[in-house]
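Reading through the structure tokens given below for one structure.
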Amino acid sequence: MKLYKVGDSVKGAVVLTNKIERVFVLGLDGAGNFIKDTNTPNIHQLLKKGVLTYSGQASYPTISAECWGSILHGVVPEKHGLNNDLIAAEIYPEYSPYPSFFKVIKDAWPDCKLAAFSEWEPINYGIIEQSTLHQAVSKPDEELVHAAAAYIRENPDLKAMFVQIDTPDAAGHQYGYGTKAYLDSITKTDGFVGVIIEAIKDAGLLDSSLIITTSDHGGGGDHHYSHGSDHPQDMTIFWGCHGPEINPKSQLEEGFKNMNTAAIVLHALGLAIPEQYDAKIPDGLFLE
């Protein structure tokens, strides 16, 4: 990825122009790396020309608030301190030592459009700073993805969007992780991802966007119907991305952390990564 001179109108940026104009982060809650075990044509078609690993690692403990917190804020759970109870009860502070990538983007471009569409509503206020979001939506997954698709078509000038789809995790808790019903839910979720990808294409944004898709954690490790442990089945996740300036020959190292998403988002947009982030840019991911 080329480095550009800092522009006067872009505080904290390291680029003036960039082939990547926006970023989408599509999160499949509780999907682990099970996309390799069931039919997911939309995800695999997208990542065929991108980068994909089935051996990525979640943060520990493998619980949604801790893991989404690390993906969005770029630090380990011991630092961001988020848990399921806390994010359901408290709004994330506007100023913290560990800003989300949304906060960093908003500080650089105060007028930019940022959006979060999460089936699990506490993400939108308990993990993401409220001042950053142009749109924050929580609905059941099927309604959610169509609302997200409509937003993309109506706001092609958006800068970043996060989408959390809860269907896989709900199925894992109900039927057991790895069961046929659970795997079927991941295939269904792939259809939801397809709705969003189609909207990106319709808006003419595919060739200038970085699209990241991943899971927060897996499940069924220590307990067939749950997660939270350091068992490999709870810890191992898929992570993939597609977009300009991404090196399709890049091989993500074993143990790649999905927490790195925060740093990758900022680097893709040409923004400096906060020094306090634990998230890193994988060697060779971006074309030089």
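The values are calculated or read from the model by the stated rules, or taken from the named source; none is laboratory data. Since we're looking at a predicted model, the values are computed, not measured. Quick reminder, even Gly has a Cβ in these numbers, built from the backbone with ideal geometry, and neighbours come from all protein chains shown. Just the protein is used for accessible areas: all its heavy atoms, side chains included, with ligands, DNA and RNA removed. Shrake-Rupley method; radii C 1.70, N 1.55, O 1.52, S 1.80 Å.
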Item to complete: Can you check what the net charge comes to around Val51, using other residues whose Cβ is under 13 Å from the Cβ of Val51 (Lys, Arg +1; Asp, Glu -1)?
Response: 0
Fill in: the range 178-263, dipole about Cα centre (Lys/Arg Cβ +1, Asp/Glu Cβ -1), debye to the nearest 20
140 debye
Worksheet, complete the sentence: Given a Förster distance of 41 Å, the FRET efficiency implied by the Cβ-Cβ spacing of Asp157 and Asn83, rounded to the nearest 0.05, works out to 0.70
Fill in: Pairwise Cα inverse-distance average, inverted: Kirkwood Rh of the range 77-124 (Å)
12.2 Å
Worksheet item: In vacuo Debye scattering of the chain, one point per C-alpha: log10 I(q)/I(0) at q = 0.12, 0.15 Å⁻¹?
Response: -0.67, -1.12
Discussion item. About the Cα centre, and with charges only on the beta carbon of Lys, Arg (+1) and Asp, Glu (-1), how big is the dipole of the range 34-121? Nearest 20 debye, please.
Written reply: 560 debye
Worksheet entry | Distance (nanometres) between label positions extended 7 Å along Cα→Cβ at Tyr54 and His224 | 2.3 nm
Practice prompt. Identify the trypsin sites (Lys or Arg not before Pro) of the range 26-118 meeting these criteria: DSSP loop state and at most 16 other C-beta atoms within 10 Å of the C-beta.
Written response: Lys48, Lys49
Practice prompt. For the range 92-134, state which GluC sites (Glu not before Pro) are in a DSSP loop and have at most 11 other beta carbons lying within 10 Å of their beta carbon.
Written response: Glu94
Item to complete: Under 12 Å from the Cβ of Ser131, count the other residues' Cβ atoms, weight Lys and Arg +1, Asp and Glu -1, and hand me the total.
Response: -1
Item to complete: Please go through the residue pairs Lys19/Lys180; Lys48/Lys257; Lys106/Lys280; Lys106/Lys180; Lys103/Lys257; Lys49/Lys159 and name each one whose alpha carbons sit more than 32 Å apart in this structure.
Response: Lys19/Lys180; Lys106/Lys180
Worksheet, complete the sentence: Filtering trypsin sites (Lys or Arg not before Pro) in the range 186-287 by DSSP loop and by at most 12 other Cβ atoms within 10 Å leaves Lys249
Worksheet item: Which of Asp278, Asp37, Asp169 moves the most in a Gaussian network model of the chain with Cα springs under 10 Å?
Response: Asp37
Discussion item. Run lengths n ≥ 4 of DSSP H only: what is the helix-derived mean residue ellipticity at 222 nm for the chain, with -39500 (n - 2.57) per run over all residues, to the nearest 500?
Written reply: -9000 deg cm²/dmol
Item to complete: Measure out, as a whole number of angstrom, how far apart the alpha-carbon centroids of the range 17-86 and the range 235-270 sit.
Response: 9 Å
Worksheet, complete the sentence: FRET efficiency for Asp111 and Ala150 from the Cβ-Cβ distance with R0 = 22 Å, rounded to 0.05, comes out at 0.50
Worksheet item: By the scheme Lys and Arg +1, Asp and Glu -1, what is the net charge of all other residues having a beta-carbon under 11 Å from that of Tyr92?
Response: -2
Worksheet entry | Order by protection proxy (mean Cβ within 10 Å, highest first), peptides 228-238, 202-212 | 228-238, 202-212
Worksheet, complete the sentence: Comparing Gly74, Gly178, Gly30 in a Gaussian network model of the chain (Cα, 10 Å), the one with the largest mean-square fluctuation is Gly178
Response to the item:
Residue-normalised value, i.e. accessible area per residue, for the range 59-113 at 1.4 Å probe, in Å², stands at 42 Å²
Item to complete: Give, in whole angstrom and from largest to smallest, the semi-axes √(5λ) of the equivalent ellipsoid of the range 185-288, with λ running over the eigenvalues of the Cα gyration tensor.
Response: 26, 21, 12
Discussion item. Which of His134, His80, His217 ends up with the largest GNM mean-square fluctuation for the chain, with Cα atoms connected below 10 Å?
Written reply: His134
